[in-house]
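For reference, the structure discussed in these notes is given below.
The values are calculated or read from the model by the stated rules, or taken from the named source; none is laboratory data. All figures in this text were calculated on a predicted structure; none of them were measured in a lab. Note that we place each Cβ from the backbone using ideal geometry, even for glycine, and neighbour counts take in every protein chain shown. Heavy atoms of the whole protein, side chains included, go into the accessibility calculation; ligands, DNA and RNA do not. Shrake-Rupley method; radii C 1.70, N 1.55, O 1.52, S 1.80 Å.
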Amino acid sequence: MKEGPDFTAIASLIGDPARANMLTALMSGKALTASELATEAGVSAQTASSHLRKLQDAGLLKLLKQGRHRYYSLSGDNVAQALEGLMGLAARLGHLRTRTGPRDQALRTARVCYNHLAGDMGVQMFSAMRHQGHFEFSETGLDLSEAGQAFVVTLGISTQDMPRSKAPMCRECLDWSVRQSHLAGRLGRAMLARFETLGWAERVPDTRIVRFSDRGLSEFNALF
């Protein structure tokens, strides 16, 4: 490449099947150990360590040491955003897995996309909020409207109390399974966390699946 950022090295790292499986596993937002990521990638511990070192050196992963344990996670929202974008592109171009499994439908219904709600329910929520006038759209993106500010307060969410972050308040994230947008950004993270606090939804351990209770589904559908 003659000009601009050189994305070839990053693309090469992500394009390796084993490393892609590791990165996808970390899209759950949960930090995982090297042995757990080796299992996700289907490689030996030694091979996994090599892959993880390359991903960490490239700035895609960060390492947290806690006692004798070492945990890996995505280095930030921008990495998760890039991965979800690639998943959406692959889906639109027809590059889908041919083998399906029992988790596939559950993943399409509701899943965590790093730190926010994705899948059918994530798209449903974003679409409803948009039609209810909760967003203001501009050339630079979107933000909460006055109606949106009032709405999130009724959910028990205070935008003023959100942790400081470089992430935008609201961001569209293209959903790879529905191929429409769901809500990301600090508000997307806060809303998923609120659903969990209210007992409406919970994350299924060791997966990206978000499971809503009967009451949670009823409350969710009433709002969105």
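Data overview
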{"item": "Per-selection Rg to Rh, the range 18-58 - Cα, Kirkwood hydrodynamic radius", "result": "0.91"}
{"item": "0 to 90° range, to nearest 10: angle between helix 45-57 axis and the chain longest Cα axis", "result": "60 degrees"}
{"item": "Over the chain, relative contact order from alpha-carbon pairs under 8 Å, at least 6 apart, %", "result": "18 percent"}
{"item": "Furthest towards positive pole of dipole, Gln149, Ala106, Leu174, structure part the chain, Cβ charges", "result": "Ala106"}
{"item": "Computed log₁₀ I(q)/I(0) - Debye formula, equal Cα scatterers, no solvent, the chain, q 0.15, 0.16 Å⁻¹", "result": "-1.07, -1.19"}
{"item": "Per-peptide average of other Cβ atoms within 10 Å, ordering 134-146, 73-85 highest first", "result": "73-85, 134-146"}
{"item": "Probe 1.4 Å, accessible area per residue of the range 91-198, Å²", "result": "56 Å²"}
{"item": "Sulfur and carbon atoms: percent of accessible area, the range 68-179 [1.4 Å]", "result": "51 percent"}
{"item": "Cα-centre dipole for the chain with unit charges at Cβ (Lys and Arg positive, Asp and Glu negative), debye to 20", "result": "720 debye"}
{"item": "Against the rule of thumb 2.2 N^0.38 Å, how large the Cα Rg of the range 86-178 comes out", "result": "1.26"}
{"item": "Label point distance in nm, Asp161-Ala147, each placed 7 Å from Cα along Cα→Cβ", "result": "2.6 nm"}
{"item": "Taking the range 56-154 and dividing mean pair separation by its residue count, relative contact order in percent (alpha carbons under 8 Å, at least six apart)", "result": "12 percent"}
{"item": "Probe 1.4 Å - accessible area at Ser44, Å² to nearest ten", "result": "60 Å²"}
{"item": "Additional length obtainable on full extension of the chain from Leu223 to Leu198, 0.36 nm per residue less Cα span", "result": "7.6 nm"}
